[in-house]
Amino acid sequence: EAGVAQSPRYKIIEKRQSVAFWCNPISGHATLYWYQQILGQGPKLLIQFQNNGVVDDSQLPKDRFSAERLKGVDSTLKIQPAKLEDSAVYLCASSGTGRNIQYFGAGTRLSVL
Amino acid sequence: QKEVEQNSGPLSVPEGAIASLNCTYSDRGSQSFFWYRQYSGKSPELIMSIYSNGDKEDGRFTAQLNKASQYVSLLIRDSQPSDSATYLCGNQGGKLIFGQGTELSVKP
């Protein structure tokens with residue numbers, strides 16, 4: 001069974017530029033999560049989707065971050081405009097039914113210069 | 001106030017020893033508790049989940065949960081250098097909240 005796929009693996013941008021990350025969850029997983037992990041910290045949930053609906057986006061900085069999951073499968077996370085403090089690893093995870101165990105993708109490491 | 005607290009470490013143990021990792025949480029409504037291992041530069045991978053008070057064993061790993069004390073721990077027996085990583089404690093009431101992680105170093 002294929003795991004959670006993310007791209008790109010690395011991205012370097014200048015502040016005020018925009019960037020987008022893509023995630024494809026494990027086949028059949030209805031729930032998809034985007035996390036931000038700053039160096040030395042645990043992952044912080046940005047947004048959670050159940051199919052194509054948003055369950056929780058309380059910690060998403062909505063003035064600059066947006067996310068969508070139009071067909072209930074793939075998802076994109078966008079930052080526009082980026083700030084220096086957005087430098088982090090952006091992790092996508094998915095979970096199926098039952099105990100909500102989350103499986104993580106490899107992440108995208110973003111550096112904002 | 002942090003919702004999940006872990007000692008950041010680093011915790012250093014000799015090879016073959018028992019490593020003890022601890023975590024406290026504030027959400028009394030949490031039902032599910034997880035330990036993830038994260039190697040440097042890699043994504044978190046689940047190593048243990050626990051849902052009921054008491055102990056749960058899986059190979060060299062034992063998770064312990066005490067809901068009354070809002071405390072969850074992970075014991076790693078016969079620690080190996082390959083266990084050197086950051087261990088993330090997570091608890092899920094509504095959403096999954098992670099601690100900051102404990103860095104474990106197992107010295108040969």
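Brief remarks follow.
- Residues of segment B:46-59 that are surrounded by fewer than 18 Cβ atoms within 10 Å (Cβ to Cβ) and part of a strand (DSSP E or B): B:Leu46, B:Gly54, B:Asp55, B:Lys56, B:Glu57, B:Asp58.
- Subset of segment B:40-67 [farther than 19 Å from B:Val13 by Cβ and either touching a residue at least 12 places away in the same chain (Cβ under 8 Å) or among the β-branched types (Val, Ile, Thr) (or both)]: B:Pro44, B:Leu46, B:Ser49, B:Ile50, B:Tyr51, B:Ser52, B:Asn53, B:Leu65, B:Asn66, B:Lys67
- Restricting B:Ser43, B:Ser30 to residues that are more than 9 Å from chain A (Cβ to nearest Cβ), within 20 Å of A:Tyr35 (Cβ to Cβ) and in a loop (DSSP other than H, G, I, E, B) narrows the list to B:Ser30.
- Test: B:Tyr51 is within 12 Å of chain A (Cβ to nearest Cβ), within 26 Å of A:Tyr10 (Cα to Cα) and of a type in the set (Phe, Trp, Tyr): no
- Extreme residue, farthest from the other protein chains (Cβ to nearest Cβ), among residues of segment B:60-99 that are buried (at least 18 other Cβ atoms within 10 Å of the Cβ) and not in a strand (DSSP E or B): B:Ser79
- Within segment B:9-41, the set of residues being closer than 30 Å to A:Arg9 by Cβ and surrounded by fewer than 14 Cβ atoms within 10 Å (Cβ to Cβ) comprises B:Pro10, B:Tyr39, B:Ser40, B:Gly41.
- Residue count for segment A:97-113 satisfying the condition of being touching a Phe, Trp or Tyr at 6+ places or on another chain (Cβ under 9 Å) and assigned to a loop (DSSP other than H, G, I, E, B): 4.
Each row is one residue, and each column tells you yes or no for (1) within 10 Å of the chain's Cα centre (by Cα); (2) under 12 Å from A:Thr76 (Cα atoms); (3) surrounded by 22 or more Cβ atoms within 10 Å (Cβ to Cβ); (4) within 14 Å of chain B (Cβ to nearest Cβ).
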position	(1), (2), (3), (4)
A:Pro8	no, yes, no, no
A:Ile12	no, no, no, no
A:Ser18	no, no, no, no
A:Ile38	no, no, no, yes
A:Gln50	no, no, no, yes
A:Asp56	no, no, no, yes
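- Checked against (1) modelled with pLDDT under 95; (2) surrounded by 15 or more Cβ atoms within 10 Å (Cβ to Cβ), A:Val112 passes all but a single condition, namely (1).
- Subset of segment A:62-113 that is free of Cβ contacts under 8 Å to residues at least 24 places away in the same chain and of a type in the set (A, V, I, L, M) - its residue that is farthest from the other protein chains (Cβ to nearest Cβ): A:Leu70
- When residues of segment A:79-93 are limited to those that are in a strand (DSSP E or B) and of a type in the set (Gly, Ala, Ser), the one farthest from A:Val4 (Cα to Cα): A:Ala88
The values are calculated or read from the model by the stated rules, or taken from the named source; none is laboratory data. Everything numeric here is computed off the predicted structure, so don't read it as measured data. We place every Cβ from the backbone using ideal geometry, glycine too, and count neighbours over all the protein chains shown.
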